[in-house]
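FYI, it's all coordinate maths here, none of it is from the lab. No experiment lies behind these values; they were computed from the predicted model shown. FYI the Cβ positions are ideal-geometry reconstructions off the backbone, even for glycines, and counts take in every protein chain you see.
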Amino acid sequence: MSKTTPTQTPAAAAGDEVMVSLYQAQKKIYPRSVTGVFARWRWFFVFATQIFFYGMPWLQWGGRQAMLFDLEARRFYIFGLVLYPQDVIYLSGILIISALLLFLFTAVAGRQWCGYACPQTVYTEIYLWFERKLEGDRSARMRLDAAPMSANKLLRKSSKQVVWILFGLWTGFTFVGYFTPIRELAGHVLSWSLGPWETFWIFFYGFATYGNAGFMREQVCKYMCPYARFQSAMFDKDTLIVTYDAGRGEPRGARSKRADHKELGLGDCVNCTLCVQVCPTGIDIRNGLQYECISCAACIDVCDEVMDKVGYPRGLIRYSTEHALEQGWGGREILRHVLRPRVLIYSAILLAVTIALIASLFLRTPFRVDIVRDRATLARIVDGGQIENVYRLQIMNATEQPQTYTLAAEGLPGLQLVTEKSVTIDGAQSLWVPVRLQLPYGAAKPGSHEIRFSVQASGIGDVREKSIFMVPR
């Protein structure tokens, strides 16, 4: 919920109706550029995430794209791993691990994900970089927006929009390249032969990037992202957050560099407001912890620069905890309070789920078998007085090499498989195999009997599936 206070008409007499506005015009934020330790870390994550995102679709693995989610063929390729829709449990495990990691990191160090690696933060940084290169830094952009339309303003504004749109379309193209082989997709783009869904998603994802990072920016973090709303459930007084040391900084005020601010009764804060100017969400960190803070530490970098200039110690704004500020703790005391109950619980659950997922992947049999009975004929008598049941086995080869599978059935005395006992399936393919089982007449009582199919592949394991054999009355 926004912290803006509803505006109302001037004071009226008691009992008079007062009109209250539930909405307030949003003032445009012009974040100032900043340099420093945390700014370098932020750009490190920008480069790391984008090199992965834009580069991964072009990486080849065994003659195909290393990471490809082929929805049409219903196969997901992740390097040497081939997953089918039936393997959705692994996707669930990855999502659970991601959520637990987010909870753990938030409990320990606040919104570090938001400030450094969230796509909204990353693309906003990239779009702001384009904006600064084409329109200048904060003051230049403010002057340009306030100036009347001119050839210079039109050129700068239109150039920025063109660059933003092209970058957004490139992002949309790369996103679709994870679902359609990107080299094939590039050929379709160059020949103007894109399919309707490919076209839609390139423009949709490109427009989303353009709109969110170019225009909405902090509005996404403040009003659209649910994380800001439930983060308080994961915070406690030992969570590392961006804090302003009010005891040291107040009372704030301007002063001469040569003046003794202690004699003037002033704190270390010179009230330069640079911490507000660099904030991407436009908040004043000196007002305390606010849900809009994404923990990017831009205010820390700029405040440290100011402290260096006026000759005061760094750390007026710093990463700390509420308990540390109250008790005057240093770094060692903060670290001692990291291993607290909620952190241990998150860590234990995360470790258990991660081990279970890795063990499941390691022990996973790289093929699947599904059995479907022939519904048209439950059972029949064939030549030689044999009772015959017909089945269809779907065998999915989850490896990328051809495999030969040996079929067998057991569960009733005299049960035999009378079709081909082996079948070869190409890599990453599935095949429906018709199977006929026969049983001597009188070998079993009338009714349904449980049997088991065994499908074996040399060197990679075997799969056993249950079914039933029908004996007519």
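Express in nm, to one decimal, how much length is gained between Leu417 and Phe69 on full extension, taking 0.36 nm for each residue of separation and deducting their alpha carbon distance. Gain on stretching Leu417 to Phe69: 121.5 nm.
Sites listed here are GluC sites (Glu not before Pro) in the range 245-321 whose DSSP assignment is loop and whose Cβ has at most 10 other Cβ atoms within 10 Å: Glu263. Computed extension gain for Glu333 through Ser454, at 0.36 nm per residue and net of the alpha carbon distance, reaches 37.5 nm. Evaluated on the range 332-386, the Kirkwood hydrodynamic radius is 17.1 Å, with distances taken between all distinct Cα atoms.
Positive contributions from Lys and Arg (+1) and negative ones from Asp and Glu (-1), summed over other residues with Cβ under 12 Å from the Cβ of Thr243, come out at +1. Our compactness index for the range 383-473, the C-alpha radius of gyration over the empirical 2.2 N^0.38 Å, is 1.18.
Report relative contact order for the chain in percent, whole number only (criteria: Cα-Cα under 8 Å, sequence separation at least 6). Relative contact order comes out at 13 percent. Between Ala146 and Leu361, the simple label model (points 7 Å from Cα in the Cβ direction) yields a spacing of 5.5 nm. Multiplying the residue separation of Arg255 and Leu351 by 0.36 nm and subtracting their alpha-carbon distance yields 29.2 nm.
The residues neighbouring Ala324, those whose beta-carbon lies less than 12 Å from its own, together hold a net charge of -1 under the Lys/Arg +1, Asp/Glu -1 convention.
Once you reduce the range 326-355 and the range 65-81 to the center of their Cα atoms, the two points are 37 Å from each other.
Only lysine pairs 8 or more places apart or on separate chains count here, and in the range 26-364 those with Cα atoms under 15 Å apart total 6.
Of interest is the spacing of the C-alpha centroids, which for the range 96-160 and the range 171-250 amounts to 11 Å. Where only DSSP H runs of four or more residues are counted, the chain gives -12000 deg cm²/dmol as its mean residue ellipticity at 222 nm, each run worth -39500 (n - 2.57). Simple rule: put +1 on each Lys or Arg Cβ and -1 on each Asp or Glu Cβ in the range 367-471, find the dipole, and look at Ala444, Leu393, Ala409; the Cα lying farthest toward the positive end is Ala444.
Note on Arg473/Phe200: beta-carbon distance plugged into 1/(1 + (r/R0)^6) with R0 of 45 Å gives a FRET efficiency of 0.20. In this simple spin-label approximation, Phe44 and Leu166 carry label points 7 Å from Cα along the Cα→Cβ vector, and these lie 3.1 nm apart.
Taking Cα centre as origin and charging only the Cβ of basic (Lys, Arg, +1) and acidic (Asp, Glu, -1) residues, the dipole magnitude of the range 367-471 rounds to 320 debye. Work through the residues other than Glu450 whose Cβ is under 15 Å from its Cβ and net out their charges, Lys, Arg +1 and Asp, Glu -1. Value of the local net charge: +3. Report the paramagnetic label zone for Ala443: residues of the range 384-412 whose backbone N is under 12 Å from a point 7 Å from Cα along the Cα-to-Cβ axis. Label zone hits: 385-389, 409-412. Over every Cα atom in the chain, the radius of gyration and the widest Cα-Cα span, Dmax, amount to 32.4, 113 Å. Simple rule: put +1 on each Lys or Arg Cβ and -1 on each Asp or Glu Cβ in the chain, find the dipole, and look at Ala66, Asn152, Leu361; the Cα lying farthest toward the positive end is Asn152.
Once the C-beta distance of Glu263 and Arg314 is scaled by a Förster radius of 30 Å, the resulting FRET efficiency is 0.85 to the nearest 0.05. How high is the relative contact order of the range 188-311, given as a whole-number percent (alpha carbon pairs under 8 Å, six or more residues apart)? Across the range 188-311, relative contact order equals 22 percent.
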